[in-house]
1. Can you tell me how many residues in region A:32-76 are within 14 Å of DNA strand C (Cβ to nearest atom), touching a helix residue (DSSP H, G or I) at 6+ places or on another chain (Cβ under 7 Å) and in a loop (DSSP other than H, G, I, E, B)?
2. Within the bounds of region A:193-203, is there any residue that is more than 7 Å from chain B (Cβ to nearest Cβ), over 16 Å from B:ALA115 (Cβ atoms) and either among the small types (Gly, Ala, Ser) or part of a loop (DSSP other than H, G, I, E, B) (or both)?
3. So which helices (runs of 4 or more DSSP H) stay within region A:77-179 end to end and still have 3 or more residues that are of a type in the set (D, E, K, R)?
4. Just checking, does region B:204-224 include any residue being in a helix (DSSP H, G or I), touching a His at 6+ places or on another chain (Cβ under 9 Å) and either more than 7 Å from every other protein chain (Cβ to nearest Cβ) or within 20 Å of A:PRO102 (Cα to Cα) (or both)?
5. Is it the case that some residue within region B:13-31 is within 14 Å of another protein chain (Cβ to nearest Cβ), without any contact (Cβ under 8 Å) to a residue 40 or more places away in the chain and within 16 Å of DNA strand C (Cβ to nearest atom)?
6. Where residues in region A:81-101 are β-branched (Val, Ile, Thr) and in contact with a helix residue (DSSP H, G or I) (Cβ under 8 Å, 6 or more places away or on another chain), which of them is nearest to A:VAL147 (Cα to Cα)?
7. Would you point out which residue out of A:ALA38, A:ALA62 is of a type in the set (A, V, I, L, M) and in contact (Cβ under 8 Å) with a residue 40 or more places away in the chain?
8. Are there any pairs, at least 6 apart or on different chains, whose C-beta atoms fall under 7 Å, with the first in region B:105-132 and within 15 Å of A:LEU194 (Cα to Cα) and touching a residue at least 24 places away in the same chain (Cβ under 8 Å) and the second of a type in the set (Val, Ile, Thr) and in a loop (DSSP other than H, G, I, E, B), and if so, which?
2 protein chains.
Amino acid sequence: MGRRPKEVPLLTIDQIIDETIACIDEHGLEAFTMRRLAARMGVYSSAIYWHVSSKARLLALASTRLVSKLPADDEGTDWRVWLLQAARQVRGTMHEHANFAPVFGSQISVDVSAAAPFIEAVLTVLRRTGLDEAQVVDAFNAYIGLVMGWVSMELSAEPDGVHDEGTPGIPLADQLSALRANEQPNLVELLPRLANHAFMMRWDSGRSNPLDSSFDFVIETFIAGLELRIAGA
Amino acid sequence: MGRRPKEVPLLTIDQIIDETIACIDEHGLEAFTMRRLAARMGVYSSAIYWHVSSKARLLALASTRLVSKLPADDEGTDWRVWLLQAARQVRGTMHEHANFAPVFGSQISVDVSAAAPFIEAVLTVLRRTGLDEAQVVDAFNAYIGLVMGWVSMELSAEPDGVHDEGTPGIPLADQLSALRANEQPNLVELLPRLANHAFMMRWDSGRSNPLDSSFDFVIETFIAGLELRIAGA
DNA sequence: ACCTGAACACCGTTCAAGT
DNA sequence: ACCTGAACACCGTTCAAGT
């Protein structure tokens, strides 16, 4: 009944990936180090290189694992409903691993077998709209780039030390209050609503300061536009 | 007439920022090093630290400079036209400095004074739609996150060494052709259109392989949806 | 097969010292 | 004020050596 291994290895690829995700979740991408990962697993950093060829490869494997958690169900739901719900699920998964956002948002390829169920579900739903093949491809790119790109911007964080040490208080808030109404009237008038709640004018990341209503706005508007485009075709 | 400096300094903050952008444009973000920047300017790396407090701060300054090149004109154009054209201009600027995409897409705040003209223009145009104040803020976030997030995904690149050295040929293309039609029928059927032209299924970055029609699709669809939302309100 | 332990070639950053 | 030159505390990665 099964094999009996003489010597149980200390490390497994799956454990390494698990610990990579946990380590980044806890301490952030910048603090993620092969030496730190090794220490956490009670091993020399060189031991990891026996299982995985490089740090870049390890990050790719970790993001592949996260991609495999994306929604893959498609139960003949109305395409509008599915696209909305799936977008929220994708956002939820990304928020759960917010420190991974830069990898999610700037990694060109993942393991296709891990992403295939999600991709297939999106394509299936998009075909249900009646768009032709070329438009389905564009709609796919539009949707994926919109959801993942938008959320990865929402989750963007500030690396330490970008502010000069001399400036006291919250620098960005000070900058905002220094704007003059005669030069940027709309910005100044809307400032109470914009400050820390709009892109380029936030100091807290989407991790602690999520932009829920704006995400709903963008995805709902996109779906409405899709509906219009289909009706017109 | 004017002051006569006794000793002309070798370095200026503006020159440092210029060279930073040039260096990253030429060799990429990963290859950008304080030592490399210093060497290019004929100086010791420690000399740079007299002018700027850290590498992170320098990257923030560089991205601020790029942000200041975003469109700021608003000549009473129809809001649909303006939002479309501005989106294309933003994309154009990002493509010109494609190696900066990760910074663009994941940096939470920029210098507000540099971004203010662009922000003001977007807000002005959005108010012209007739949306109320709360919706203008959401529409602003929707638009900015859509354009910048989408394009930064388009420009994402693959760091070196993410593929195992053993695999021959183009790995992703091989993976795609290995997919079975009974598990992912839509993916397989659309494969000729998807391969290297869709997110998660590309091996060439948007730098060399731009996704023009998909960008048009997403921004036009969003604007159409916005129109519908306004008409309905 | 799988891990140790040391080593190499780099980093960002600091700091005394020069001018 | 502005830069040199060396140094510190790290990195990712390699490799002989152990078991």
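1. Matching residues across region A:32-76 total 3.
2. No, region A:193-203 contains no residue that is more than 7 Å from chain B (Cβ to nearest Cβ), over 16 Å from B:ALA115 (Cβ atoms) and either among the small types (Gly, Ala, Ser) or part of a loop (DSSP other than H, G, I, E, B) (or both).
3. Output list reads A:79-96.
4. No, that holds for no residue.
5. Yes: one or more hits.
6. A:VAL90
7. A:ALA62
8. Final answer for the pair search is none.
No lab work stands behind these numbers, since they all come straight from the coordinates. Remember, it's a predicted structure, so these values are computed and weren't measured experimentally. Note that each Cβ is placed from the backbone with ideal geometry, even for glycine, and that neighbours are counted across all protein chains shown.
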